[in-house]
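Okay, so here's the structure we're looking at.
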């Protein structure tokens, strides 16, 4: 956190993913807080590859089921939650049929934990990976009203139903202006899967998380469901410069950027006499990093 008084006309800060505040500024970027109950749809991949036994000695499907049970026990009462599957019913080779294999397993609404757990228990790894159609179905499940809406996609592979590109689907959903966020979780992902899931998440201001262990899965999904219940401002995408002179100018608000290890990023903030600059940075890693990894934040005139 940086808290200093500035009298200069401007400042550059070496930042990564950041929140910027100017006090006593009277305006801040953000969406209106909804009074309707927040809606969340968990979208689970039940394709054949979920049989792989590489998550803590369990199959990916078993790990997902156990994580879902823990998540369902912890869902806040005010959240309206639903579950949608992809690849859960068709085991055949007909691509046209396999790419339509997505359905609402549990409807979005007040949660009956026993019924939702029973529905999840019936799932077995089966078919294709129609991520694009599943995202379209989930967006339709969540439509209506002004509630906070969030899709949490859990998958172990990239979409198998091109040319319906799930990243383009996510961009189309974002373009509708319905304030629907898509977060993605990759189970033991390869590079192509990670790239696709990062693209889907970034299109709607969501997050991507790589999952190697069951506790990581349950903990992250619980965190995302809780975030829907206590929404925060959606970050605005920004791209910092390599040199201060080329830095983009930011106002008060929340911003996101991506960087590689050891990379420096510069941003400009205008600070008027008598104003106080406050800036903080948080890190969301899309792959494993050392526990002592950190980001340095520095401001200079």
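The values are calculated or read from the model by the stated rules, or taken from the named source; none is laboratory data. All values reported here derive from a predicted model rather than from experimental measurement. We place every Cβ from the backbone using ideal geometry, glycine too, and count neighbours over all the protein chains shown.
Details
- Residues in segment 151-195 that are more than 24 Å from residue 59 (Cα to Cα), touching a strand residue (DSSP E or B) at 6+ places or on another chain (Cβ under 8 Å) and either part of a loop (DSSP other than H, G, I, E, B) or outside the structural domain of residue 136 (by TED's automatic domain parsing) (or both): 178, 179.
For (1) surrounded by 23 or more Cβ atoms within 10 Å (Cβ to Cβ); (2) modelled with pLDDT of 55 or more; (3) not assigned by TED's automatic domain parsing to the domain that holds residue 211, each residue gets a yes or a no:
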| position | (1), (2), (3) |
| --- | --- |
| 22 | no, yes, yes |
| 32 | no, no, yes |
| 54 | no, yes, no |
| 59 | no, yes, no |
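- Selection count, segment 202-222, where residues are in a helix (DSSP H, G or I) and closer than 12 Å to residue 67 by Cβ: 9
- Scope segment 61-88; condition under 12 Å from residue 123 (Cα atoms) and either surrounded by fewer than 17 Cβ atoms within 10 Å (Cβ to Cβ) or free of Cβ contacts under 8 Å to residues at least 24 places away in the same chain (or both); matching residues: 62
- Residue list for segment 110-140, restricted to those being in contact with a strand residue (DSSP E or B) (Cβ under 9 Å, 6 or more places away or on another chain), in contact (Cβ under 8 Å) with a residue 60 or more places away in the chain and outside any helix (DSSP H, G or I): 123, 125, 126, 127, 128, 129
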